[in-house]
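Structure, as C-alpha cells:
The values are calculated or read from the model by the stated rules, or taken from the named source; none is laboratory data. From a predicted model like this one, the values you see are computed outputs, not experimental measurements. Neighbour counts are summed over all protein chains in view; Cβ atoms, including those assigned to glycine, are modelled from backbone coordinates with ideal geometry. Calculation scope for accessible area: heavy atoms of the full protein, side chains included, ligands and nucleic acids excluded. Shrake-Rupley method; radii C 1.70, N 1.55, O 1.52, S 1.80 Å.
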Amino acid sequence: KSLDNRVKKTAGGVRGCGIVMEVETGKILGWASSPSFDLNKREMKDYIDLPSDYLYEPGSVMKGITYSAAIDSGKYPYNETFDSGAFHFVEDSKGKIYRTSNSDLTIYDALGKNHGTVTFDKGFVLSSNIGICELLTKYMDPSIYKEYLDKFGFLKPVNSPFLNNRGGTIFFNYASEKLSTGFGQAINVNALQMAQAFSAIFNDGTMMRPYVVDRIERSNGTVVKQYEPTVVGKPISEKTSTYIQKLMKRVVDDKDGTARMYRMEDVDIIAKTGTGQVYGKQGYDRSMYTNSIMMAAPATNPKVMVSYAFPAND
C-alpha cells in the first residue's frame, strides 16, 4: 500500500519496487513491487518481477560505485577540489577526455546548479555530476571504473535461486557515455543487482548474493534443501567500504546532503540518493525522473539495507 501511494506521488507515476536485505547474509527480508497483483483474482497485467528483472537507468545511486572504484584503485583525490560549474569536454583521437572552457559537449549538475569550488567528498554529499566527470577525466581512467562494474556484478545475472534476472546493458563507446555511466545514465541495471553491489559497501567490502528462499521442507518437516549465505566477491577493501560509509553518513547528516529528509530520530542511517533523467524519443526528458535510494541501518556496522526505486520510463 505504501509503495502504491508513493508511486502515485512520483514523477511519471508508473512503477516502483523495494528490497529489504540482511547486509551480512544477503537474506531478503522484504520484497515488493507496484503495480502488483492479487493471486486470488488472477489479474496479472505484467509478468515482469520488478525488483529482479526490470532494467532501468539507476541515476546517482551509481556514484557510490564510482567513488568506490576511485578510492579502491588508489585514484581518489582526497584533498583536492574541483569547479562544479558546467563541464565542457572534448575527446582526442586516442580516446582521452579533457575538460575545456567551452564545447558543444556539456554536462551539468542537477537543475543546472553551480556549487562553486568544492572537495570531492563534498561533491558526493551534493551528488555532483561534475565531480564524477572530474574523477573520470583527471584522476581515474573510465576503463578502471568499467572494471569495477564487473567486480560489483553489474551487466550479468545475479543468479539468485528462483529469481529471473537479466544482465543489463551499457553504452560505453563515446566520451559522453563513459562519463554518464559514472552517474547512472547510459547503463541499465535492476534493483537486485544494486542490492548485491551495495552489500559490499555496507559489509566491509564482502559482496553477498541476495536470496529469497531459506529452505524447502516436505509436509512432514523434513528439510529437502537448505540455502546458505553466499559470498560472490570482494570488489573493494574494508578501508574503501568504511570511507564510502562515512560519505553516505554525511549525505544524511549534512544540511545540504541529498538524503537529509530521510533522517530518523531513533535510528542513524547512511544513504545515497539517485535522481536520473529518463531517456525518450527526443533524448533525456527534463520532466520525468527515476528516483531511487540505497540506505542501511544502523549507520555504524550496518545490519539491514533498504533499496527502492521508482523507474518512470516505460
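Let me know the charge dipole size of segment 81-236 about its Cα centre in debye, to the nearest 20, where only the beta-carbon of Lys, Arg (+1) and Asp, Glu (-1) is charged.
Dipole size: approximately 420 debye.
Label-to-label distance, L111 versus M261, with points set 7 angstrom from Cα along the beta-carbon direction: 1.0 nm. The value of relative contact order for segment 228-280, using C-alpha pairs under 8 Å at least six residues apart, is 26 percent.
With an 8 Å cut-off on Cα pairs and a minimum separation of 6 or more residues, tell me the relative contact order of the chain in percent.
24
Hey, which of these cross-link pairs are over 24 Å Cα-Cα: K27/K151; K75/K246; K27/K156; K146/K255; K156/K178? Mind dumping the intermediate values first?
On the way: K27/K151 21 Å; K75/K246 18 Å; K27/K156 20 Å; K146/K255 32 Å; K156/K178 19 Å.
Flagged as over cut-off: K146/K255.
Think of segment 84-194 as a dipole: +1 on every Lys or Arg Cβ, -1 on every Asp or Glu Cβ, centred on the Cα centre; then among L136, I107, V189, V189 lies furthest on the positive end.
Per residue, how large is the accessible surface of segment 112-170? Use a 1.4 angstrom probe and give square angstrom.
Values: 2390 Å² over 59 residues.
Accessible surface, normalised per residue, equals 41 Å².
Applying a DSSP loop filter and a limit of 10 other Cβ atoms within 10 Å to the trypsin sites (Lys or Arg not before Pro) in segment 213-262 leaves R218, K255. The three principal axes of the C-alpha atoms in segment 1-148 carry coordinate ranges of 61, 36, 31 Å, sorted with the longest axis first. With unit charges on the beta carbon (Lys/Arg positive, Asp/Glu negative), name the residue among L55, Q226, S93 whose Cα is farthest towards the positive pole of the charge dipole of the chain. Sorting the options by dipole projection puts first Q226. Figure note: H115, H88 ranked by solvent-accessible area, largest first, 1.4 Å probe, ligands and nucleic acids not counted: H115, H88.
Here the label points at K138 and E217, each 7 Å from Cα along the C-beta direction, are separated by 5.9 nm in the simple model.
Can you sort S219, S33 by solvent-accessible area, 1.4 Å probe, largest first?
Details: S219 135, S33 35 Å².
Heavy-atom accessible area, descending, gives S219, S33.
Given a 1.4 Å probe and the protein chains as shown, E147 ends up with an accessible area of around 100 Å².
Could you please put V20, V158 in sequence from largest to smallest accessible area, using a 1.4 Å probe?
Values: V20 45, V158 5 Å².
Descending accessible area places them as V20, V158.
Relative to the longest principal axis of the Cα atoms of the chain, the long axis of helix 191-202 makes an angle of roughly 70 degrees. If the segment from N173 to K94 were pulled out straight at 0.36 nm per residue, it would be longer than the present Cα-Cα gap by 27.2 nm.
Let's test the formula: R0 of 22 Å, r as the Cβ-Cβ distance of E228 and F162. What FRET efficiency results, to the nearest 0.05?
My answer for the efficiency is 0.90.
Can you tell me the relative contact order of segment 27-185? Whole percent, Cα pairs under 8 Å, sequence separation 6 or more.
On the way: 199 pairs, mean separation 44.2, N = 159.
Averaging sequence separation for qualifying contacts and normalising by length gives 28 percent for segment 27-185.
Against the longest principal axis of the chain, how steep is helix 63-72, in degrees 0 to 90 to the nearest 10, with axes from Cα atoms? Tilt relative to the chain: about 70 degrees. Qualifying chymotrypsin sites (Phe, Trp or Tyr not before Pro) in segment 152-219, where qualification requires a DSSP coil assignment and no more than 12 other C-beta atoms within 10 Å, comprise F162. Counting only alpha carbon atoms, the long axis of helix 142-151 and the longest principal axis of the chain meet at about 10°. Shape of the chain from its Cα gyration tensor (a ≥ b ≥ c, root eigenvalues): rounded if a/c is under 1.5, otherwise prolate when a/b > b/c, or oblate? Prolate, since a/c reaches 1.5 and a/b exceeds b/c.
A crude spin-label estimate for the pair S101 and K45, with each label 7 Å from Cα along the Cβ direction, gives 5.5 nm.
Place a +1 charge on the Cβ of each Lys and Arg in the chain and a -1 charge on the Cβ of each Asp and Glu, then give the dipole magnitude about the Cα centre in debye, rounded to the nearest 20. Provide the component values of the computation, followed by the final result.
On the way: 38 positive and 35 negative charges, 66 e Å.
In debye, rounded to 20, the chain gives about 320.
Roughly how many Å is it from the Cα centre of segment 42-108 to that of segment 208-236, as a whole number? Result: 34 Å between the Cα centres.
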